[in-house]
Each structure stands twice: as structure tokens, then as C-alpha cells.
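Novice: First, the structure itself, so that you have it in front of you.
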Amino acid sequence: MVEEGAAGFMKYLPLVGAGLFRKTTRMVLTLLTVVIAFTLFGLLQAVEMTFTSSADALDAKRLLTTGRYSIIEPLPIAYLSRIEQVPGVAAVAYGDWFGARYQNQSNAFPVFAVDPSRYLDMYPEFTIAPEQRAAFIKTRTGAVAGRRLVDHFGWTLGQKLPISSEIHPRTDGSMHWEFDLVGILDADDPVVRSNADVVWINVAGFDEARQTAKGTVAWYVVRLSDPRQAGSVSAAIDAKFMNSADETTTQPEKEFAIAFARQIGDIGALVTRILIAVFVTILLVTGNTMAQSVRERVPELAIMKTMGFSDGRITALVLGEAAALLFLGAVVGMGLATTLLAVTRAVSGPLPPLFVGSTTWALAAAIALAVALTAALPAALCARRLKIVDGLGGHR
């Protein structure tokens, strides 16, 4: 079968199918196990890739400056001009964490108080209509929201947006705020669009109306003239404020995002360990299935050799059965994962988009091939070494 290429493979497909489904119940259960394994693989890979791709989408030219020990430490707004003077700094923006919920506790999403002009310039990957940008800059109580949030909650431009803060009281002590929705953030890239699942409010009106921490920010975003200067610029910024009452730590925005995500666990390591356990189990199950199948067919294999089937063809047939089983299970499992994620995206609202990408499909194919060859090789070698006289005599 191997020597005759694709034509030979098609010629022997009926034999492969007959060998696979000799014991239908056993093979269906094994196939179901493989399908479940690859469904889990597709789902977990989508989760991991969402975490990593969200960080990868961040601009390498951006640094994040926060309080030395925590992002919740406020920094003086006076730091803005001093950071702008650092050589290698092209632009600076700043923001503050608002901490919010909409209508009820379950409707939580990030709300940042930002300088409209600076922040929109800092994140050109986000799109906004020019007239909406102008309205955000001039409206002190203005807010812009990500497209998916707007669609999920049914918001419309011009409406009042009531948001309750969990951190910042107003000057009258109330935690309930109201903003004017004047713009919608969007992006062409689905990964960037997930990063836009936020509400930005105009820091001018916010700082004037809040009760405490006036004149401070939570972080500065720094754009570099040259990303190769990230280390030296970071060190220069932190050196400016060393031994002051408000020391800083500066790092690439991507590194901060990855570190923040790992506060809930190392997703990559967790996914890898789960998948290793799953596929080791599949390897054992498939290997046992193929070994049983070959043992039950010893006389048949011996007869096939008397009919002219070479040792190589017999070996290839056994390996082909395992490959067909694994690839069928992989295709069904990955297809099921893709379908489940499509349904999730349709009903999940403002959650990060999960996709089964081409890289995941290619990796699934490679894993299926590796597991098939590894699981079936011992059985295939036994079939190859089988002597006709032993097989016809009923020996194992």
C-alpha cells in the first residue's frame, strides 16, 4: 500500500475499514474516546490561544508604568511631563481603574478613566468615527464603549449610561455614576476587538466629580520611538522616581498582560498537563485495541500472506487502520469543538472570542499521526513478523 501511493491507499481502503470494524462495539467506543479527546484538545487550545494572542496583539512599542508594588497604587498626574522628557519616549497617555458594574453584579466589565485624545492616539488599532472621537474629547461626562458591549446590552449613542463604581465614590458619597455614550470602539482584528470590550470615560469629568485621589492616575502608557530601547527607557523612567514617595515600575505592555493573566494560573502549563494526560490515555486505549484486533486476525493475516501480501503491506494495513481511526476521531472531535465555540460566541456576550484556528487543526493532525504510529507500531510489527505456518496453525 505504501509503495503504490495514493492509488494503492484507495485500493485497500475496504480492507482498512473491515479491519477497523471487525468488532463494531469495541471500535465505536474507542472512536468515541478519541473524539472526546480531540474535542477537549480543540476547546483547551482555543482558551490558551485566546490568552496568548491577546497579549501578542499588543504593540511592542508600548510600555506600562505603574506603582512599584501594585497597579492599585496611585501615581501623581505631575509625572506626565517628566515621563515625556525621557529620551526615547514618543508619547504618553494615562488612565485610572474605575471598577464598575452595570445594572447588577454579573454585568461587570472594565471601565477606565482616560484622557480621550492621548488614549485614542496611543491605541490606533481601535477604530472610532471622527465625529465620535471629537464628541468624546469635548464631553466631560462622555464615554465610549466597545462594539460587542454595545451590541450585547443594546446601548445606543446619546443615551445616559448608568454605571456603579466599586472603588470611587462621587463627592456626595454616592457610588452611582452616569455618563453620556458618545462613541463606539471597534477593530477589524477579532483579537483586538476582544481587547476593546471596555468602556472609557473622560478623565476630566471623572477627576472633578470623584471624592478621593484627585489629581492621580493608576498607570501611564508610554509609546517608544524605537522598541529596541524598551529596556533603557524603562530603566530611565523608574530612575526618575527612585526614592520618591511614589516609586514606579515600567515594563513592556505585553509582559504586564501575560503576568496579569497568570495571576489566575499558568494557562499554558495547565492545558499542556491536561492534554498530556488525555493523549497518554488515548495512546494506551488505541494500542490495546489494535493489539486485540491483530491477535484476533492472526489466521486471516496468514492467509493474506499466502495470497501474496508482503510483510510491508501487512504492516502498512495495520498502521493504516490506526491512522484512519485517529484521523476520523480527530476530524469529528475538532469539528465538534469548532461548533461548540461558534455557539458559545453567539450566546456568551462580551467574553473573549474563542476560535479553533488553522494552527490548532494542523497540530491535531500531527498528534493524530503520532499517536496512531506509536499505538499501532507494536501490533504492526507482530503482524509483520508473523509466519504463515504459525498463523495457519493457530499460534500467537
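The values are calculated or read from the model by the stated rules, or taken from the named source; none is laboratory data. Keep in mind the model is a prediction, meaning the values are calculated, not measured. Heads up, the Cβs are rebuilt from the backbone with ideal geometry, glycines too, and the neighbour counts pull from every protein chain shown.
Novice: Could you tell me whether residue 329 is modelled with pLDDT of 80 or more and under 38 Å from the mean Cα position of the chain (by Cα)? It would help to see each step written out before you state the result.
Specialist: Numbers: modelled with pLDDT of 80 or more: yes; under 38 Å from the mean Cα position of the chain (by Cα): yes.
Yes: the conditions hold for residue 329.
Novice: Quick one: residue 237 ticks every box in (1) closer than 19 Å to residue 64 by Cα; (2) at pLDDT below 95 except a single one, so which number is it?
Specialist: (2)
Novice: Now, a different point. Name the residues in the range 225-247 that are more than 34 Å from the chain's Cα centre (by Cα) and not in a loop (DSSP other than H, G, I, E, B), would you?
Specialist: Of everything in the range 225-247, those that are more than 34 Å from the chain's Cα centre (by Cα) and not in a loop (DSSP other than H, G, I, E, B) turn out to be 239, 240.
Novice: Just for the range 289-339: of the residues that are of a type in the set (Lys, Arg) and closer than 20 Å to residue 24 by Cα, which one is surrounded by the fewest Cβ atoms within 10 Å (Cβ to Cβ)? Show your work before the answer.
Specialist: Step one: of the range 289-339, the residues of a type in the set (Lys, Arg) are 295, 297, 305, 313.
Within this subset, residues satisfying the condition of being closer than 20 Å to residue 24 by Cα are 295, 297.
On the way: 295: 12, 297: 19.
The selected residue is 295.
Novice: Which of the residues belonging to the range 159-218 are more than 24 Å from residue 76 (Cα to Cα), surrounded by fewer than 18 Cβ atoms within 10 Å (Cβ to Cβ) and acidic (Asp, Glu)?
Specialist: Scanning the range 159-218 gives 178, 186, 188, 189.
Novice: Determine whether residue 206 is closer than 16 Å to residue 100 by Cα and in a helix (DSSP H, G or I).
Specialist: The answer is yes for residue 206.
Novice: A further question on this structure: Quick test for you: out of 55, 6, 18, pick the one residue that is part of a helix (DSSP H, G or I), under 30 Å from residue 238 (Cα atoms) and at pLDDT below 85.
Specialist: 55
Novice: A further question on this structure: Give the residues of the range 209-224 that are outside any strand (DSSP E or B) and touching a Lys or Arg at 6+ places or on another chain (Cβ under 8 Å), sorted by residue number.
Specialist: Within the range 209-224, 209, 211 qualify.
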